[in-house]
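Everything below concerns the one structure shown next.
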Amino acid sequence: MAHPYIRFRIRLTRHALAQLLARLRGSGEILLLALGPAILGLLACAALPPMFFSSYPAPQALALVALHAVAMSLPVVLLRPRILPAAVLAWLHPLPVPPRLLLQASVLVSGLLVAPLALAYASSLAIWLLQHGRPDWLQPLRAGAATLLSLLLSWACACWLLYRGARLPAPLPMRAAAAGAAAPGAVYAARPRQGWRFLWHHLFWLPLWRQSSLVGLRQAALLAGMLLAFALWMAGPAALPRPLAAVLASVLLVLMVHEADDALRTQLARLRVAAAGLPLAPGTLGWRARATLLACLALPLLALTGAGLAAQAWERTAGRVWLALAWAVAPLLVCTPPFTPRGRMALVALSILVLCATGSRVWD
């Protein structure tokens, strides 16, 4: 019979994962609809890094496999605020939970998080090792051992992150700390009106990062991934074909715009009731928020345009068409009505398909 603390941590993790899967259901359906066959190819490449690293000499292979394992455990850093919310930590910290019990719970919870990675590694190993024309560098025993070692190290890193997070006390809210530090006889002084930038910062920007929200981190990850994929597309390294880099850049670009627009619509729906008692016009607030979002999305598009000009990617017709479509994605998704969830998914999937088809022909 498991300890009640362990059962509580497992139920808390399942609840957090269920919420996350429900939140990402729309993006998952978009990817399945637009990139169904390509997802099978990505699944086959899941265990490719440790398998390829196993062909190096032993010291170098161990270092590369360990580095890969640490990189694969980094998503736990993003999931930890959901798995261990600040309110739960504040409630659990005074309880007399021994370190041994904390470690057992962290091992089981991290096992739940690493289980999908283990399935992906097993599928990838089966695809590579059971095919007839295997590459010359692929050694089955060393590849399987390197993949298993990478998985175990990722599990250990995830366990350490969760164990460390469970032992740390929850930070005091900034507002409460500031109130405690304030003088007893302090008099409230109203701030002067700051304008739209002040409203955007407090109503739309800060909610992306507060209350254990992963929206801001997800947006930052999509932006970084899109810029990296675009840089690889323009550079054209031998290890990554340019059509594949074009597909990655196109998919990440559309998903970044879709996630930003979805976060904006969600926040506007939350503010619709809260702003009813404030001197704010909901219609004006909505269109100004959308205009600001389009201005923010224009910054990475300007960077893409400049990088493409430097790489001479827009000289041909396919390049100019891709660039025009990339600039049209943000107004199309941000300014159109939401329709229905299925209609929205179809619009995003169509944008991904058109961009991928055009981007793969830029360098032909």
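Tabulated values for the structure
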{"read-out": "Residue selected from the range 203-237 under the condition open to solvent by 80 Å² or more (accessible area, probe 1.4 Å) and not in a loop (DSSP other than H, G, I, E, B), by the criterion modelled with the highest pLDDT", "value": "LEU228"}
{"read-out": "Pair list, Cβ < 9 Å and 6+ apart or interchain, from the range 246-274 residues that are touching a residue at least 12 places away in the same chain (Cβ under 8 Å) to residues that are outside any helix (DSSP H, G or I) and crowded, with 21+ Cβ neighbours inside 10 Å", "value": "ALA246/VAL362"}
{"read-out": "Entirely in the range 10-76, the helices (runs of 4 or more DSSP H) that have 3 or more residues that are more than 22 Å from the chain's Cα centre (by Cα), at pLDDT 85 or above and surrounded by 13 or more Cβ atoms within 10 Å (Cβ to Cβ)", "value": "48-53, 58-72"}
{"read-out": "The range 116-164, residues that are of a type in the set (A, V, I, L, M, F, W, C), open to solvent by less than 50 Å² (accessible area, probe 1.4 Å) and under 26 Å from ARG9 (Cα atoms)", "value": "LEU117, ALA118, ALA120, LEU151, CYS157, ALA158, CYS159, LEU161, LEU162"}
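The values are calculated or read from the model by the stated rules, or taken from the named source; none is laboratory data. Keep in mind it's a predicted model, so treat the numbers as computed, not measured. Here Cβ is always computed from backbone atoms with ideal geometry, including for glycine, and neighbour counts include all displayed protein chains. For accessibility, only protein heavy atoms count, side chains too; no ligands or nucleic acids. Shrake-Rupley method; radii C 1.70, N 1.55, O 1.52, S 1.80 Å.
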